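J.: One structure, as structure tokens, below. Some questions next.
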Amino acid sequence: MPADPPPIPDALIDALRSASAVAVLTGAGVSAESGVPTFRDAPDALWARFNPSELANPEAFRRDPKLVTKWYDWRRQKIAGCGPNPGHHALAELERWLEQRGGAFTLLTQNVDRLHHAAGSSNVVELHGDLWRWRCVDCGDEGEDRRVPFPEVPVRCDRCGGLKRPGVVWFGEALPAEALGAADRALRSCDVFFSVGTSAVVEPAASFIHAARSAGAAAVEINPERTPITGLVDFPLTGPSGRILPALLSRLRGD
Ligand code: BJW
Ligand code: ZN
């Protein structure tokens, strides 16, 4: 039997009831209960088996496009068989709950799996791109490609025959300016900030907590493990997001 989720503090419920803006940062842990492997959790993590620091960078793709594409093809097959879990659904409901009260909700995700969209979240900012969009490195042609598995690896451009790469952000690449702008606005104006299911080690998202705290937001972390930001938050909620977020929602709605 999984342990009961920790009690949701009354002070957090009060902060959410009086909030006019909430910003939530999510990472791979929010999709873990859907069956999507995270990057840095042993022993089954992608990080341990495939070392994303060596694969998720432009040099690796230039050196060995076949290997990098195969890794993405494997992940796409895995994710294609996964659906949103109760944590994703609770975040979508939190957005509706806040908007019904005239509040603003921004979901800043590092995930590229699109499971927040599948759960019905609408104001989603994809900081690291989208695993289902592919772009030609030569002519820039970009579009959705849902084929699993790919019929050929590496993937070639229909227009020019060039190599296609995933529309994601690799180490050393800049995050999309539009996403960074939206994140900045949400962090500067939020009353409550959540960090959910992220190891908080990859920049710039790892530093979002500082912007939110400077803006005076109450900070919440939901994670079964401690992270570098656990000591900085007002409400560290230790446990899986697929259990804690629904419990939080039901407290908010007074169920
Ligand atoms: C659960 C759970 C459950 C488990 N419930 N929780 C400053 C200092 C030092 C370095 C840098 C710096 N600024 C930039 C850098 C370099 C680099 C960086 O951060 N390096 C660090 C590793 C040190 N950053 C970059 O290069 C970024 N670019 C940039 O800053 O550019 C600047 C620039 C400006 C102008 C011109 C040019 C450049 C880009 C970073 C891109 C990261 N990309 C990846 C791959 C994306 C595509 C793909 O998916 O393949 O993004 S790497 C990977 O890590 C992926 C993730 O989004 C990201 C974060 O990982 P996440 O989500 O936190 O997952 P995990 O696995 O680490 O953690 C899971 C957590 O869940 C754990 O804590 C578990 O406990 C928890 N968990 N079960 C809740 N049930
Ligand atoms: Zn092309």
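The values are calculated or read from the model by the stated rules, or taken from the named source; none is laboratory data. Everything quoted here is computed from the prediction, not taken from an experiment. Note that we place each Cβ from the backbone using ideal geometry, even for glycine, and neighbour counts take in every protein chain shown. Note: areas computed on protein heavy atoms with side chains; ligands, DNA, RNA excluded. Shrake-Rupley method; radii C 1.70, N 1.55, O 1.52, S 1.80 Å.
J.: For L108, enumerate residues with amide H under 5 Å from its amide H, sequence gap 5+ or separate chain, H modeled in the peptide plane.
T.: Result for L108 returns V24, L25, T26, V125.
J.: Take S122 and R159, extend 7 Å from each Cα along the Cα→Cβ direction, and tell me the distance between the two endpoints in nm.
T.: According to this spin-label approximation, the distance is 3.2 nm.
J.: Could you report region 1-151's accessible area per residue, 1.4 Å probe, as an integer in Å²?
T.: I get 46 Å² per residue for this part.
J.: Let me ask another. Expressed in nm to one decimal, what extension gain is obtained for the pair E144 and S207 from 0.36 nm per residue of sequence separation less their Cα-Cα distance? Each step should come with its number before you reach the end.
T.: Working: separation 63, 0.36 × 63 = 22.68 nm, distance 3.04 nm.
Computed gain between E144 and S207 is 19.6 nm.
J.: A further question on this structure: Tell me, what % of the accessible area of region 27-175 is carbon and sulfur with a 1.4 angstrom probe?
T.: 46 percent
J.: Additional query: Which whole-Hz ³J(HN,Hα) couplings does region 108-121 yield from phi under the Karplus relation 6.51 cos²θ - 1.76 cosθ + 1.60, θ = phi - 60°, glycine and proline marked x?
T.: For region 108-121, the Karplus-derived couplings read 9, 10, 8, 7, 10, 8, 6, 6, 5, 5, 4, 7, x, 5 Hz, x marking Gly and Pro.
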